[in-house]
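The values are calculated or read from the model by the stated rules, or taken from the named source; none is laboratory data. These numbers come from a predicted model, not from an experiment. Cβ sites come from the backbone with ideal geometry, for glycine too, and all protein chains shown count toward neighbours. With ligands, DNA and RNA removed, areas are computed over all heavy atoms of the protein, side chains included. Shrake-Rupley method; radii C 1.70, N 1.55, O 1.52, S 1.80 Å.
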Amino acid sequence: MNFPVLSLLIFWPLVGACALLPLSRQKPGLIRMAALGVSIIEFLLSLPLWFAFDKTTHLMQFVERHSWIKSWNVEYYVGVDGISVLFVLLAALITILCILVSWTAITTKVKEFFIAILFLEGAMIGVFCALDFILFYILWEAMLIPMYLLIGVWGGPKRLYAAVKFFLYTLVGSLLMLVGIITLYLKGGHTFDILALAQTSYPLKMQLMLFWAFFAAFAVKVPMWPVHTWLPDAHTEAPTAGSVILAGILIKMGAYGFLRFSMPLFPQATQAMMIPMIVLSLIAIVYGGLICISQTDIKRLIAYSSVSHMGFVTLGLFSLNTQGLEGGIMQMINHGVVTGALFLGIGMIYERTHTRLIADYGGLASTMPKFAAFFLLFTMAAVGLPGTNGFIGEFMILIGAFTTRTWAAVFAATGVIIGAWYMLWLYQRVFFNPVNKKVEGLMELTPREILTLSPMVGLVLWFGVYPNSLLSFMHVSVAHLLSQVLAKEMLITFDMDSLSRLVELCFS
Amino acid sequence: MPIYLLLLPILPLGSFILTFLFGKRLGRKAHWLPICAVLSCFGCAVMALLDVINGVTINTDLYSWISSGSFQVSVGFLLDELTAVMLIVVTSISTLVHIYSVGYMHDEPGYYRFFSYLSLFTFSMLMLVLGNNFAQLFFGWEAVGLSSYLLIGFYYEKESAANAGKKAFIVNRFGDFGFSLGIILVFLTFGTLHYDQVFAQAASITDQTFPVFGMVFDLPTLIALLLFCGAIGKSAQLPLHVWLPDAMEGPTPVSALIHAATMVTAGVFLVARCNPLFALSTTALNVVTMVGAVTCLFAATIALVQVDIKRVVAYSTVSQLAYMFMACGVGAYSAGIFHLFTHAYFKALLFLGCGSVIHAMSSEQDVRKMGGLKKYLPVTYWTFLLATLSISGIPGLAGFFSKDAILAAAFSSPIGAGKIAWFVGTLVAGMTAFYSFRLFFLTFHGTFRGTEEQRHHLHESPATMTVPLILLAVGAVSAGWFCIPPILGGHAPWISFLAPVLGEPGEHLGHATEWGLIATSVGAGLVGIATATLLYVIRPEIPDRLRDAWPKVHSWLFNKYSIDELYDGALVQPAIRFSRKVLLHVVDGKLIEGVVNGIPQAIGSFGERLRKIQNGQVHTYLSVMSTGALAVLIWMLVR
């Protein structure tokens, strides 16, 4: 296919953002319509990826490749495979919903807000398409700026602290990755071509160093325990659209980074670090879940639940088998949909009540029955009820983990119990019980809000009932990735003996 | 695939969606679509049963649900003898409960919501019993859990109802924890989740072991017990029984349908369905039997003293489900399913009878405030009496035959726990008769103890409620006639019908032994009835005296052995405290955030100090410079 569809997808939102610039501040309605139009066109433009994608090859598709900085061999090189294509589509869809949910919620600096959103969309899609390290790194960092602004300008009372924390946390991680990228460039044949770099095999010691350097960037983004503490603050303070993008797309990039870079580039290190990664994932699952129980703020609770759910993702990925990897990718998408939808919903009631405290709610099922029904479905998806998408990923990950290490599945399955506990507890306190005086007479969802939530309902049920429509995209790419990771015999396994050898190796 | 098989789940699903979305506009007519759907389902179930009787069994996949590498799961249907029986139970009870609800729920604001949930439940339950693989079983399993959650919490503005719904869901999750791991282990062992393939290979795993946590387990035992975890949760057996009594917060028709006749029996269905796996492990069978025996006795003792009319019946349900597990544990799966079948009718009748009483009593549920209702509620009275006689094991009625089948199987079983099961089963048969008649006498006999206002409103229920009662009474009487044992002149066609799926028990008892067993259990029942008559009709002052004589025993039973308090104190509260005090405040708040905020602060304060030496004052610079120069000079001289 010669049509540069990926470039169009990356740059169209930027063009759209620029097009908003001359619009008059006095007409926020026009700005909203324009932003919505841009995002809808973007989504329509992304549809060819769904229909024209060739599911029989692991090779990159829709590839565009142009020389960019000749002297350093930097290229503009984009393409998608079965792992990244779905996230491009998801990002395009979620942005529309973010614009819809901000319709009346954002009243100050409306133009700047939508420009930031569109800018962010372009950068995010770029990150998923980039196949050149420099291009990837630039876009990776470029995402930080609009997100930082979204939190810092349109956020809640503690927005500055949260924005700076978010920015520094991720920046520190990214810088280590930059060191890793430069090392790769120097040792891997003076190229930034990610696919070419993955062809080279590196000495184990170097692999291990680089694995942890990249880990710093990705683990913060996921976020894995113990570098998760930026997430509750960022989620809580961010405006609804910011939370939705954060949960829906941004934190997926950490897991995506493991898939796209850590695993194919450092296969032996990945195998060697499998057990530590699984242990960190299990801690995240149980820790994130347990800590939800004592939350008093709805957004904080959902933020911590993300830590738990993303623990499932990394557990699946580092199970290093088909079910684990495919389940992990499913869970990334599902978590994006479900948690995105939960944040959309919370944003809608926050707009009415201006409180996020669980104790301020109660009995919403009486005052807002339609909303209660929507939220119930998303809650059920979050607790992994079969028939919703949440179950598919979780169950596949459990299978993958069980195959690798039985105990991992046993610990992870406790997360399923804890998940039901805190989500149903939340649901009861907000929607059941007698109507709280503070939220009497709340207005039921408007048609615009129903329109915002409905696509998520469709996705929850569609992916839950017929997940093969997503899984079929992944099969070949995941199989290829696995063959890359497992091609090299595992040099060290993780027991006490090899641990000491590993320490020796790293410090010699 | 015959069309009725496809219609079975689709009709209630469609009815759920339509009623949920548009039912509000229909107001009091919202019940028509669900009732038509479930009635058609009953028709389909009858067709299915006829087909199965004619030797048709169907095992077919509809579409591939999850496909990932070697993990292949489909949505598919299995129609065999066991499924056919379950279909009849589910659709018949569901139909009657639907009709009953038209009268019972008449004044409820959430009328359409109630009927849409009933449809959702029917759909889920049908998916559960129709599935041809473990994954679909799990789908149905969780979906009935969701319907149960919604229906228990139907009066969601009542905090106790909302709590009960949540509790049911979470407690079941504990069972599902083992159940899902069991399903995964089945997949890893057999490479498939389809029943036919798994059971065909079952024998090949005998004597295999499975290592986990440094211990080595017998593989068949591990699989069976993990699956059984799910059954313990769903069928409310010890130690996960705590949700079922609380589930009585739901509307009474729900208690009859979900929490007596159908959903709670899913655990028994699971064990019966997986009998080729359970058969591989004597240990597992012993555990099933013992869990059944202990629960059976445990729940019956609590039922002796409860005063809430629905809770008595709820504990009775827990106890009766335990009978079914005892049957499965001793290998008499068809006897277990037979008790499931008869129990569905007499227990649904008991619950709906309770509903009729509660309806008449203006929502009063305390039996201490009832009494003498016989003359006000004649239909309810007579049907309730039949159900009570049936559950007490009076010969000729449904409960007698199924209970007798279980006790005979337990007595003759080679399983170690078999004799214990028989002893407990016989003992509890007496207790069951006692508490059932206690409830019956307290409710319908004696003098009315409620308020004048309640007496004023007393009335027999409308025909929509009494007709289902009468139909269920027919079942409570006659459901047992499908399995009249040879000794009483029958052929027990039930056993031979289910034999292709559940096998036939090998042991046969001598005539004398069998007569002896019948006499013992009937005798126990009669003693129970006689005691109840003595205590609650002839000498009604005795129970109070007994209570005063043994206050500790009474309060122990009355407080249900304080199991709820134990769980709350040992599990729930510590978890909450651990979460808040350790994880949130110390680990997250102090340790991680300490490092995260500490590093920038350290850098900041270092810079702050560094700044002080550049204060822009010439004399500071001069003094530092001269000190430095002096130091260098001294150093050079000393060297």
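May I ask you to list the residues in the stretch B:348-378 that are modelled with pLDDT of 90 or more and either more than 18 Å from B:VAL307 (Cα to Cα) or small (Gly, Ala, Ser) (or both)?
B:ALA348, B:LEU349, B:GLY353, B:GLY355, B:SER356
Exactly one of (1) within 14 Å of chain A (Cβ to nearest Cβ); (2) touching a Gly at 6+ places or on another chain (Cβ under 9 Å); (3) within 16 Å of B:ALA284 (Cβ to Cβ) is unmet by B:LEU181. Its number?
All conditions pass for B:LEU181, except number (2).
Can you tell me which residue in the stretch B:502-522 is least open to solvent (accessible area, probe 1.4 Å), limited to those that are acidic (Asp, Glu) and in a loop (DSSP other than H, G, I, E, B)?
The residue in question is B:GLU507.
Give B:PHE228, B:PHE217 a once-over and let me know the one that is aromatic (Phe, Trp, Tyr) and not in a helix (DSSP H, G or I).
Matching residue, one of B:PHE228, B:PHE217: B:PHE217.
Which one of B:GLY525, B:GLY604 is more than 30 Å from A:CYS292 (Cβ to Cβ) and away from chain A (no Cβ under 14 Å)?
The match here is B:GLY525.
Across the stretch B:441-456, what is the number of residues that are in a helix (DSSP H, G or I) and touching a residue at least 60 places away in the same chain (Cβ under 8 Å)?
Number of matching residues: 6.
Being without any contact (Cβ under 8 Å) to a residue 12 or more places away in the chain, open to solvent by 30 Å² or more (accessible area, probe 1.4 Å) and touching a strand residue (DSSP E or B) at 6+ places or on another chain (Cβ under 9 Å) narrows it down to one residue among A:ILE182, A:ILE138; which is it?
A:ILE138
Just to be sure before I move on: is B:ILE603 free of Cβ contacts under 8 Å to residues at least 40 places away in the same chain, among the hydrophobic types (A, V, I, L, M, F, W, C) and not in a loop (DSSP other than H, G, I, E, B) in the structure I sent?
The answer is yes for B:ILE603.
When residues of the stretch B:105-121 are filtered for being more than 14 Å from chain A (Cβ to nearest Cβ) and open to solvent by 20 Å² or more (accessible area, probe 1.4 Å), how many remain?
2
Looking only at the stretch B:90-104, decide whether some residue is surrounded by 23 or more Cβ atoms within 10 Å (Cβ to Cβ), modelled with pLDDT under 90 and either out of contact with any helix residue (DSSP H, G or I) (no Cβ under 8 Å at 6 or more places or on another chain) or more than 11 Å from chain A (Cβ to nearest Cβ) (or both).
So far as the stretch B:90-104 goes, yes, one or more of its residues are surrounded by 23 or more Cβ atoms within 10 Å (Cβ to Cβ), modelled with pLDDT under 90 and either out of contact with any helix residue (DSSP H, G or I) (no Cβ under 8 Å at 6 or more places or on another chain) or more than 11 Å from chain A (Cβ to nearest Cβ) (or both).
Just a yes or no: is a residue in the stretch B:57-73 assigned to a helix (DSSP H, G or I), open to solvent by less than 40 Å² (accessible area, probe 1.4 Å), away from chain A (no Cβ under 14 Å) and touching a residue at least 24 places away in the same chain (Cβ under 8 Å)?
no
Select from the stretch A:49-78 the residues that are open to solvent by less than 50 Å² (accessible area, probe 1.4 Å) and more than 21 Å from A:HIS480 (Cα to Cα) and list them in ascending order.
The answer is A:GLU64, A:VAL74, A:GLU75, A:TYR76.
Does the stretch A:200-218 contain at least one residue that is aliphatic (A, V, I, L, M), open to solvent by less than 20 Å² (accessible area, probe 1.4 Å) and more than 30 Å from B:ILE599 (Cβ to Cβ)?
No, the stretch A:200-218 contains no residue that is aliphatic (A, V, I, L, M), open to solvent by less than 20 Å² (accessible area, probe 1.4 Å) and more than 30 Å from B:ILE599 (Cβ to Cβ).
Going by what's in this entry, would B:LEU150 be described as within 12 Å of chain A (Cβ to nearest Cβ), assigned to a helix (DSSP H, G or I) and touching a helix residue (DSSP H, G or I) at 6+ places or on another chain (Cβ under 8 Å)?
Judged against the criteria, B:LEU150 is a match.
For the stretch A:444-475, what are the residues that are surrounded by 14 or more Cβ atoms within 10 Å (Cβ to Cβ), more than 12 Å from chain B (Cβ to nearest Cβ) and not in a helix (DSSP H, G or I)?
Scanning the stretch A:444-475 gives a single hit, A:LEU445.
What are the pairs, 6+ residues apart or on separate chains, where a residue within the stretch A:17-37 that is surrounded by 14 or more Cβ atoms within 10 Å (Cβ to Cβ) has its Cβ under 7 Å from a residue that is of a type in the set (Phe, Trp, Tyr) and modelled with pLDDT under 90?
Short answer, once both residue conditions are applied: A:ARG32/A:TRP103.
Quick one: is B:LEU472 closer than 20 Å to B:PHE400 by Cα, touching a residue at least 24 places away in the same chain (Cβ under 8 Å), among the hydrophobic types (A, V, I, L, M, F, W, C) and outside any helix (DSSP H, G or I)?
So B:LEU472 does not fit the description; no.
So, of the residues in the stretch B:565-597 that are within 16 Å of A:TRP421 (Cβ to Cβ) and either open to solvent by 50 Å² or more (accessible area, probe 1.4 Å) or among the acidic types (Asp, Glu) (or both), which turns out to be farthest from the chain's Cα centre (by Cα)?
In this case the residue turns out to be B:ARG580.
Considering every residue within the stretch B:32-52, establish whether at least one is touching a helix residue (DSSP H, G or I) at 6+ places or on another chain (Cβ under 8 Å), of a type in the set (S, T, N, Q) and within 27 Å of B:ALA260 (Cα to Cα).
Checked against the condition, which is being touching a helix residue (DSSP H, G or I) at 6+ places or on another chain (Cβ under 8 Å), of a type in the set (S, T, N, Q) and within 27 Å of B:ALA260 (Cα to Cα), the stretch B:32-52 yields at least one hit.
Could you tell me which residue of the stretch A:365-394 is most open to solvent (accessible area, probe 1.4 Å), considering only residues that are within 7 Å of chain B (Cβ to nearest Cβ) and in a helix (DSSP H, G or I)?
It comes out as A:SER366.
If we scan the stretch B:19-28, do we find a residue that is in a helix (DSSP H, G or I) and open to solvent by less than 10 Å² (accessible area, probe 1.4 Å)?
Yes, the stretch B:19-28 contains a residue that is in a helix (DSSP H, G or I) and open to solvent by less than 10 Å² (accessible area, probe 1.4 Å).
All but one of (1) in contact with a Phe, Trp or Tyr (Cβ under 8 Å, 6 or more places away or on another chain); (2) within 11 Å of chain A (Cβ to nearest Cβ) hold for B:LEU137; which doesn't?
Failing condition for B:LEU137: (1).
Scan the stretch B:357-400 for residues that are in a helix (DSSP H, G or I), open to solvent by less than 20 Å² (accessible area, probe 1.4 Å) and either small (Gly, Ala, Ser) or within 18 Å of B:GLY430 (Cβ to Cβ) (or both) and report the count.
8
Could you tell me whether any residue of the stretch A:418-433 is away from chain B (no Cβ under 11 Å), touching an Asp or Glu at 6+ places or on another chain (Cβ under 7 Å), touching a residue at least 40 places away in the same chain (Cβ under 8 Å) and open to solvent by 10 Å² or more (accessible area, probe 1.4 Å)?
No, every residue in the stretch A:418-433 fails to be away from chain B (no Cβ under 11 Å), touching an Asp or Glu at 6+ places or on another chain (Cβ under 7 Å), touching a residue at least 40 places away in the same chain (Cβ under 8 Å) and open to solvent by 10 Å² or more (accessible area, probe 1.4 Å).
How many of the residues making up the stretch B:523-545 are farther than 21 Å from B:ALA429 by Cα and loosely packed, with under 13 Cβ neighbours inside 10 Å?
5
Collect the residues in the stretch B:191-220 that are open to solvent by less than 30 Å² (accessible area, probe 1.4 Å) and closer than 29 Å to B:PHE169 by Cβ, keeping them in residue-number order.
Residues satisfying the conditions are B:LEU193, B:HIS194, B:TYR195, B:VAL198, B:VAL212.
If a residue has to be within 14 Å of chain B (Cβ to nearest Cβ) and assigned to a helix (DSSP H, G or I) to count, how many in the stretch A:226-281 make the cut?
7
Looking at (1) open to solvent by less than 20 Å² (accessible area, probe 1.4 Å); (2) within 26 Å of the chain's Cα centre (by Cα); (3) farther than 20 Å from A:TYR466 by Cα; (4) away from chain A (no Cβ under 14 Å), find the lone condition where B:VAL52 falls short.
(2)
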